[in-house]
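K.L.:
I am attaching a structure below and will ask some questions about it afterwards.
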Amino acid sequence: MKHFTKLATAAALGTVLGTAAIAQELYTPNLAYRTGPFAATGIPLMNGQADYMALLNERDGGVGGVLINAEECETGYSTEKGVECYEKTKGTAIVTQPWSTGITLQVLPKTNVDEIPILAPGYGFSPMADGKVFQWAFNMPAGYWDAADMIIQYLEGEGGSLSGKKIAFLHLDHPFGKEPLPVLEMHAAGKGFELLPIPVGLKEMQNQSAQWLQIRRERPDYVVMWGWGAMNAGAITEAVKTKFPMENFIGVWWAGHDADLKLVGDDGKGYKSISWSFPNPDAPVMKQVKEMVFDKGLSQSNEEEMQGVFYGRGLVMSAILAEGIKNAQENFGTGQIDATQLRWGLENINLTNERIVELGLEGMVPPFSTSCGNHTGHSGGWMLEWDGAKFVKASDLLKPNVDGYADLIQSSAAEYATSNAPWAMNEECSATN
């Protein structure tokens with residue numbers, strides 16, 4: 001299924017950077033998951049992504065006068081189907097958006113040969129921050145190790161020293177769920193707290209009675225959740241049922257979905273989620289999407305969903321991709337950029353506060369920048385808190401202490417390259433954090 005507005009003719013496209021445009025398109029396939037156990041979270045994200053690209057096509061004739069073909073290939077979050085979608089779409093793609101961390105890990109070596117950028121905003125393999133090693137992979141604006149670090153920072157700021165305390169790590173038993181362990185283990189050793197990993201299998205997501213029985217028995221000071229899809233709703237429901245103090249329950253950004261908390265309403269008050277995005281219904285981009293996409297019947301979303309965290313995050317994701325496209329077009333003097341040129345564009349993102357305002361995204365994403373060596377940006381994020389009806393900001397902008405795990409990023413990246421030798425690297429740049 002395609003989720004982009006109808007293509008215009010060459011005569012209607014206007015100009016690209018001051019020169020006559022040709023009726024072509026930029027193919028930016030999205031390996032979507034509107035079906036399967038994670039569909040409840042996938043749908044609003046995909047809708048936000050699709051609607052932003054539809055806005056650009058309707059309002060601006062695309063990016064630089066070239067329309068965006070944001071076709072979706074449905075994976076159901078299956079790694080096998082994700083790889084099939086990658087192979088199916090890679091021919092003319094200037095980017096691939098794999099979504100699942102499992103899919104990302106599978107296509108990562110392929111993209112290094114095919115020379116197609118991976119754009120995995122806020123997910124994937126954390127050492128992808130090292131742009132020298134992972135020259136074709138980007139997980140801006142922040143990665144999972146950033147999230148883990150910010151959560152620990154927040155807990156220290158709220159409750160003081162973590163020494164002698166116990167933190168349960170409730171996580172999906174999947175590459176995504178295991179991704180933050182290196183940083184959490186590093187902090188546990190350095191700060192003197194006990195880290196208690198509690199995995200949730202794919203077949204246990206909706207019935208976590210065994211996991212929450214363990215949590216009741218272990219009596220941790222905090223529960224940190226790396227959940228996704230149906231797992232989040234299951235965990236939040238169990239936490240309420242077992243009367244775990246919600247103010248001590250914190251999730252990663254994929255565990256901060258409005259619909260999951262609406263299931264428990266006021267009983268969920270105090271639950272928190274670290275987030276590199278925030279839904280600002282008053283942002284100008286929201287009004288433009290409403291008028292030029294939703295009201296024209298070009299969206300699959302609804303007005304309630306459009307107010308939520310995940311829909312807004314989807315908009316930001318596509319805005320980041322569009323910014324990379326614009327950078328490449330301006331640098332190379334062509335609207336019809338290729339994958340190699342887009343890589344340059346993604347390596348030169350500079351979302352300052354001023355640029356965020358220009359894009360109509362104020363309050364929706366922190367400023368960040370990327371470089372040849374830094375493919376994550378480490379934007380930081382806000383701690384969001386459920387107030388019984390919606391998520392609100394519960395902190396000022398938190399910034400990850402990347403210097404604390406910079407060596408871990410580089411050593412893990414180097415280990416990956418060695419394990420996957422021969423591995424092509426960008427020798428012209430140095431890894432920076």
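The values are calculated or read from the model by the stated rules, or taken from the named source; none is laboratory data. All figures in this text were calculated on a predicted structure; none of them were measured in a lab. Cβ: placed from backbone, ideal geometry, glycine included. Neighbour counts: every protein chain shown. The accessibility values were calculated without ligands, DNA or RNA, using every heavy atom of the protein model including side chains. Shrake-Rupley method; radii C 1.70, N 1.55, O 1.52, S 1.80 Å.
K.L.:
Looking at the stretch 168-186, which of its residues are crowded, with 23+ Cβ neighbours inside 10 Å, over 15 Å from G143 (Cβ atoms) and not small (G, A, S)?
P.N.:
Matches in the stretch 168-186: F169, L170, H171, L172.
K.L.:
Taking the condition of being open to solvent by 70 Å² or more (accessible area, probe 1.4 Å), free of Cβ contacts under 8 Å to residues at least 12 places away in the same chain and not in a loop (DSSP other than H, G, I, E, B), how many residues in the stretch 393-428 meet it?
P.N.:
Residues in the stretch 393-428 being open to solvent by 70 Å² or more (accessible area, probe 1.4 Å), free of Cβ contacts under 8 Å to residues at least 12 places away in the same chain and not in a loop (DSSP other than H, G, I, E, B): 4 in total.
K.L.:
If you don't mind, another one. For the stretch 369-376, check the following and say yes or no: at least one residue is open to solvent by less than 50 Å² (accessible area, probe 1.4 Å), in contact with a strand residue (DSSP E or B) (Cβ under 8 Å, 6 or more places away or on another chain) and part of a helix (DSSP H, G or I).
P.N.:
No, because not a single residue in the stretch 369-376 is open to solvent by less than 50 Å² (accessible area, probe 1.4 Å), in contact with a strand residue (DSSP E or B) (Cβ under 8 Å, 6 or more places away or on another chain) and part of a helix (DSSP H, G or I).
K.L.:
While we're here: Answer yes if at least one residue in the stretch 127-134 is touching a Cys at 6+ places or on another chain (Cβ under 8 Å), over 27 Å from I43 (Cα atoms) and in contact (Cβ under 8 Å) with a residue 12 or more places away in the chain, and no otherwise.
P.N.:
Checking the stretch 127-134: at least one residue is touching a Cys at 6+ places or on another chain (Cβ under 8 Å), over 27 Å from I43 (Cα atoms) and in contact (Cβ under 8 Å) with a residue 12 or more places away in the chain.
K.L.:
I would also like to ask the following. So for the stretch 11-26 (the condition being under 21 Å from L342 (Cβ atoms), at pLDDT 95 or above and surrounded by 16 or more Cβ atoms within 10 Å (Cβ to Cβ)), does at least one residue qualify?
P.N.:
yes
K.L.:
Further, regarding this structure: Report yes if some residue within the stretch 352-361 is open to solvent by less than 10 Å² (accessible area, probe 1.4 Å), in contact (Cβ under 8 Å) with a residue 12 or more places away in the chain and not assigned by TED's automatic domain parsing to the domain that holds L155; otherwise report no.
P.N.:
Looking for residues that are open to solvent by less than 10 Å² (accessible area, probe 1.4 Å), in contact (Cβ under 8 Å) with a residue 12 or more places away in the chain and not assigned by TED's automatic domain parsing to the domain that holds L155, one finds at least one in the stretch 352-361, hence yes.
K.L.:
Kindly indicate whether E354 is of a type outside the set (A, V, I, L, M, F, W, C) and assigned to a helix (DSSP H, G or I).
P.N.:
So E354 fits the description; yes.
K.L.:
Another question, then. Look at the stretch 77-109 and say how many of its residues are part of a helix (DSSP H, G or I) and either touching a Ser or Thr at 6+ places or on another chain (Cβ under 9 Å) or of a type outside the set (D, E, K, R) (or both).
P.N.:
Filtering the stretch 77-109 down to residues part of a helix (DSSP H, G or I) leaves 79-89, 101-109.
Cutting the leftovers down to either touching a Ser or Thr at 6+ places or on another chain (Cβ under 9 Å) or of a type outside the set (D, E, K, R) (or both) gives us 79, 81-86, 89, 101-109.
Qualifying residue count, the stretch 77-109: 17.
K.L.:
Could you say which residue among A93, A39 is surrounded by fewer than 24 Cβ atoms within 10 Å (Cβ to Cβ), of a type in the set (A, V, I, L, M, F, W, C) and at pLDDT below 95? Can you show your working first?
P.N.:
On the way: A93 fails: at pLDDT below 95.
Testing whether each residue is surrounded by fewer than 24 Cβ atoms within 10 Å (Cβ to Cβ), of a type in the set (A, V, I, L, M, F, W, C) and at pLDDT below 95 leaves just A39.
K.L.:
Also: Can you tell me how many residues within the stretch 378-392 are in a strand (DSSP E or B) and surrounded by fewer than 17 Cβ atoms within 10 Å (Cβ to Cβ)?
P.N.:
Of all residues in the stretch 378-392, those in a strand (DSSP E or B) come to 381-386, 391-392.
Cutting the leftovers down to surrounded by fewer than 17 Cβ atoms within 10 Å (Cβ to Cβ) gives us 392.
Number satisfying all stated conditions: 1.
K.L.:
Can you go through A210, A235 and tell me which one is aliphatic (A, V, I, L, M) and either within 29 Å of G380 (Cα to Cα) or touching a residue at least 40 places away in the same chain (Cβ under 8 Å) (or both)? Please lay out each step first, then the result.
P.N.:
Working: A210 fails: either within 29 Å of G380 (Cα to Cα) or touching a residue at least 40 places away in the same chain (Cβ under 8 Å) (or both).
So the residue among A210, A235 that is aliphatic (A, V, I, L, M) and either within 29 Å of G380 (Cα to Cα) or touching a residue at least 40 places away in the same chain (Cβ under 8 Å) (or both) is A235.
K.L.:
Name the single residue, out of those in the stretch 329-342 being over 21 Å from the mean Cα position of the chain (by Cα) and closer than 17 Å to M53 by Cα, that is most open to solvent (accessible area, probe 1.4 Å).
P.N.:
My answer is Q336.
K.L.:
Being open to solvent by 10 Å² or more (accessible area, probe 1.4 Å) and at pLDDT below 95, is that true of even one residue in the stretch 244-257?
P.N.:
Taking every residue of the stretch 244-257 in turn, none turns out to be open to solvent by 10 Å² or more (accessible area, probe 1.4 Å) and at pLDDT below 95.
K.L.:
Among the residues of the stretch 291-319, which ones are basic (K, R) and either open to solvent by 60 Å² or more (accessible area, probe 1.4 Å) or assigned to a loop (DSSP other than H, G, I, E, B) (or both)? Let's see the steps before the verdict.
P.N.:
Step one: list which residues in the stretch 291-319 are basic (K, R), which gives 296, 313.
K296, the sole residue that qualifies.
K.L.:
When you go through (1) within 19 Å of P400 (Cα to Cα); (2) surrounded by fewer than 19 Cβ atoms within 10 Å (Cβ to Cβ); (3) within 23 Å of the chain's Cα centre (by Cα) one by one for G190, which number turns out not to apply?
P.N.:
Exception for G190: condition (3).
K.L.:
Is it the case, given these coordinates, that W212 is within 28 Å of P121 (Cβ to Cβ), modelled with pLDDT of 95 or more and either open to solvent by less than 20 Å² (accessible area, probe 1.4 Å) or out of contact with any His (no Cβ under 8 Å at 6 or more places or on another chain) (or both)?
P.N.:
Considered against the rule, which asks whether it is within 28 Å of P121 (Cβ to Cβ), modelled with pLDDT of 95 or more and either open to solvent by less than 20 Å² (accessible area, probe 1.4 Å) or out of contact with any His (no Cβ under 8 Å at 6 or more places or on another chain) (or both), W212 comes out as no.
K.L.:
Please find, among G122, G143, the residue that is under 30 Å from Y222 (Cβ atoms), crowded, with 19+ Cβ neighbours inside 10 Å and out of contact with any Pro (no Cβ under 8 Å at 6 or more places or on another chain).
P.N.:
G143
K.L.:
Residues being in contact with a helix residue (DSSP H, G or I) (Cβ under 6 Å, 6 or more places away or on another chain) and either modelled with pLDDT under 95 or surrounded by fewer than 22 Cβ atoms within 10 Å (Cβ to Cβ) (or both): count how many of those fall in the stretch 197-207.
P.N.:
Here the count works out to 3.
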